[in-house]
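Written below as structure tokens is the structure these notes are about.
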Amino acid sequence: MSKNIAARTAVATAGLALAATGVLASPGTASAGTNGQQISYTDHATPGVRHSIELYGYNQNGEESLGCFNIDSGGTTKISGWWWRGDLTVKAYNSYDCQNRYSWGTHVAVPYSQSDDWFPVTGY
């Protein structure tokens, strides 16, 4: 009986070691602002006018990325789960889902590293 328990313990230990190695080896996401930032967008247009923003730039892996996000018109919206770095193009739309032509746009330089996960962008 003790051999069976020892064998199961060895198999379980080996399985945990493999699982930990897989987690450590996977690319994962950026964390603690060390390889790109998430965007905190504050809309300073008249409340009720703007409803979405488009972000185009590079993600934490250096890959081109494009995303459209509905926003809190006249407020602040945190775009979580998307990590950006370097030159980022921001376009604000007066419609939901980035439809029609954009009404305002800018470029911002998102740092690769900072002490916070959120990089503030202000729209006018």
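The values are calculated or read from the model by the stated rules, or taken from the named source; none is laboratory data. Treat the numbers as computed from the prediction; the structure is a model and nothing was measured. So basically every Cβ, Gly included, is an ideal-geometry build from the backbone, and we count neighbours across all protein chains shown. When the accessible area is computed, the model is the full protein with side chains, heavy atoms only, and any ligands, DNA or RNA have been set aside. Shrake-Rupley method; radii C 1.70, N 1.55, O 1.52, S 1.80 Å.
Remarks
- Percentage, to the nearest whole number, of Cα pairs in region 50-94 over 16 Å apart: 36
- Paramagnetic label zone (point 7 Å from Cα along Cα-to-C-beta, GLN99; backbone N under 16 Å) in region 65-88: 68-71
- Among the protein heavy atoms of region 34-122, carbon and sulfur supply 45% of the accessible surface, probe 1.4 Å, non-protein parts ignored.
- Computed from the Cα positions only, the extents of region 34-122 along the three principal axes stand at 35, 23, 20 Å, in decreasing order.
- Spacing of the modelled spin labels on VAL49 and TYR124, each 7 Å from Cα toward Cβ, amounts to 1.2 nm.
- Net charge, GLY36 excluded, C-beta distance under 14 Å - Lys, Arg +1, Asp, Glu -1: -4
- Solvent exposure of region 34-122 amounts to 52 Å² per residue of accessible area, where only protein heavy atoms count and the probe is 1.4 Å.
- Taking only Cα atoms of region 80-124, radius of gyration then Dmax in Å: 12.2, 37
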